[in-house]
1. From the backbone phi of segment 212-218, what are the Karplus-calculated ³J(HN,Hα) couplings (6.51 cos²θ - 1.76 cosθ + 1.60, θ = phi - 60°) in whole Hz, Gly and Pro given as x?
2. Can you tell me which of 137-146, 333-342, 319-328, 255-264 comes out highest on packing, and rank the rest after it, using the mean Cβ neighbours within 10 Å?
3. If you find the alpha carbon centre of segment 213-228 and of segment 155-177, how far apart are they in angstrom?
4. Step through the table entries 184/204; 159/184; 306/338; 140/177; 159/204, compare each Cα-Cα distance with 18 Å, and write down the pairs that go over it.
5. Quick one: 344, 278, fewest Cβ neighbours within 10 Å first, how do they rank?
6. Taking amide hydrogens as modeled 1.01 Å from N in the peptide plane, which residues meet the under 5 Å criterion relative to residue 30, leaving out close sequence neighbours?
7. Using the beta-carbon distance between residue 227 and residue 273 and R0 = 22 Å, what value does 1/(1 + (r/R0)^6) give for FRET efficiency, to the nearest 0.05?
8. Fewest to most neighbouring Cβ within 10 Å: what's the order for 186, 296, 97?
Amino acid sequence: MLLMGRVSTNDGTALPNNVMIERVCNANVRQQVYASSAGDFTMQLGSRTDTFVDASGEGTSRDNSNNRDSVMGIPRRELWNCELRASASGFRSKAVHLDTGLTTSARTIDVGAIVVQRATKVEGMTLSATPYNAPKDAVKAYEKGSEAERNGQLANARKYFEQAVQIYPEYASAWFKLGSILQKDHQYEVARKAYLQATTINPKFVAPYLFLAEIAVDSQNWTEVLQFTRRILELDPLNKTNITGYIVDLDPVNYAEAYFYNAVANFKLNHIDEAEKSALLAEHIDLRTRFQEQLHLLLAEVFTRKDNYAAAVLELRTYLELAPQAKDAEQVRERLAKLEKLSSAASGN
């Protein structure tokens, strides 16, 4: 018998690498397979091509197997008191029970989604814990919505996420996912309401604040951008750490983007010192941010406003190294030439 299914996070964020699916029977791990990068997995029960661990915790030798076992798998009665769960560093997994609801004539069974939740950070929560309190019908609707979203079926995804919040109005993750679908469909005002509902249910659920900030940036509502990004930064444990080197934050919520949005808003509101602080933190937290080039342009403007022309020159040079063919490259080169003159004059050369 072949089991197939998928692993998903309860708010649709990316899975870590090397997610392992374990079949556990009577509290003992009996079989293990790895999920694909997309979260899909298949498990041939009793197949020697997968890692097979017996009740003693030792792997079954390939030499002791026979063809019948590798083709037919194990008897269904051996699924009594068995469940599937996902094992991934930093995540908690819900279990799928195998001794109920199986079609006795089927050789291939889709067990559905195994939902995992990231362990809570020190302050902010990147995922909401409410799915563990949600009724089964709400969770099922949420999982169908996540699957529809992965398949690009946004209308169906919206329908299922709306069902989930109708069944369980306190389902913060479903409100968040509904907001993301609406935002993709350019329905920004209703998306905003969905995100706000998620934060009302769980004020420490970080992800909705980032998307609220993104909507506010698009509308150039800089006061709201500050409001939402400050909330994110309050919940970010790294904000309480004295960062002196460069790090990569592997949290699915991109705090570097939050710091970047915060820096832009502060600059637009003429809070230059605050803009510099947030922009430098964004640079140190994650060098891979999708705003990397714009970050250097912003820092160049910040340093220019502070008459630090030498630092502004370095930022523009870095920008041109990263994006030599950018549409504004010629304008940046002209700006760089002017700043180089100002820097030379300031240094007395």
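1. 5, 5, 4, 5, 5, 5, 4
2. 255-264, 137-146, 333-342, 319-328
3. Rounded to whole Å, the Cα centres lie 25 Å apart.
4. 184/204; 159/204
5. So the residues, fewest neighbours to most, are 344, 278.
6. 23, 24, 25
7. Numbers: r = 19 Å, r/R0 = 0.86.
Efficiency at R0 = 22 Å is approximately 0.70.
8. Values: 186 7, 296 23, 97 13.
Ranking 186, 296, 97 by Cβ neighbours within 10 Å, fewest first, gives 186, 97, 296.
Only the coordinates and a few stated rules stand behind these numbers; no lab work does. No experiment lies behind these values; they were computed from the predicted model shown. Neighbour counts run over all protein chains shown; Cβ positions are idealised from the backbone, glycine included.
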